[in-house]
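Data first, discussion second: the structure below is written as structure tokens.
Just so it is clear, none of the values below were taken in a lab; they were calculated from the coordinates. Just so you know, these numbers come straight off a predicted model, no measurement behind them. Here the Cβ positions follow ideal geometry from the backbone for every residue, glycine too, while neighbour counts run over all protein chains shown.
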Amino acid sequence: MTPFCPMDRIDDQGVIPIAAAQRMIKEETVKLGYIEYMDCAHYLPGHPKCGTLHGHTYKVEIVIEGEKKNGMIMDFGDLKLVLKEVLAEYDHRSLNDFLDYPSVENIAEMLQAKLKNRLAFPFILRVWEGEGKWCEIDSREG
């Protein structure tokens with residue numbers, strides 16, 4: 001984040017000019033997040049514990065980042081709709097129908113690819129496989 005009062009933006013009376021203050025506000029990025037769930041079955045071929053079919057409730061968190069326009073980055077309803085539509089393809093299905101090895105890392109990469117096609121913002125995606133276990137992926141990397 002840009003420092004609030006860089007010395008070169010303060011006038012001789014210690015006041016930030018309005019134009020400089022407006023530029024600082026415009027330069028600030030804001031993060032907006034949403035959480036949704038999907039229930040899926042999967043198995044990890046060859047894995048000693050997870051090699052048999054079992055299921056999870058996956059918690060999927062997305063955090064987008066961008067500049068506010070008209071007071072917001074994106075309407076929560078629009079973000080919710082995008083995430084729900086992407087997850088609907090996999091909900092109550094076997095993830096092995098989509099991935100050869102549906103580890104949480106590969107699931108996160110698959111969801112990231114789908115969401116990148118639908119969102120115009122950089123985002124961080126976190127996929128929880130049950131309680132306390134998750135994978136995080138940043139759309140700006142890779």
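Here are the numbers:
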{"item": "Mean-position separation - Cα centroids, the range 77-93 and the range 97-142, in angstrom", "result": "13"}
{"item": "Sparse-neighbour loop sites [GluC sites (Glu not before Pro); the range 46-134; at most 10 other C-beta within 10 Å; DSSP]", "result": "GLU131"}
{"item": "Set LYS49/LYS84; LYS59/LYS80; LYS68/LYS114 screened for pairs whose C-alpha atoms are more than 22 Å apart", "result": "LYS49/LYS84; LYS68/LYS114"}
{"item": "In the range 101-135, trypsin sites (Lys or Arg not before Pro) in a DSSP loop with at most 14 other beta-carbon atoms within 10 Å", "result": "ARG118, LYS133"}
{"item": "Extension reserve of the GLU85-ARG140 stretch, reckoned as 0.36 nm per residue once the Cα distance is removed", "result": "17.6 nm"}
{"item": "Under-5 Å amide H pairs with TRP134, H placed in peptide plane, nonlocal only", "result": "GLU129"}
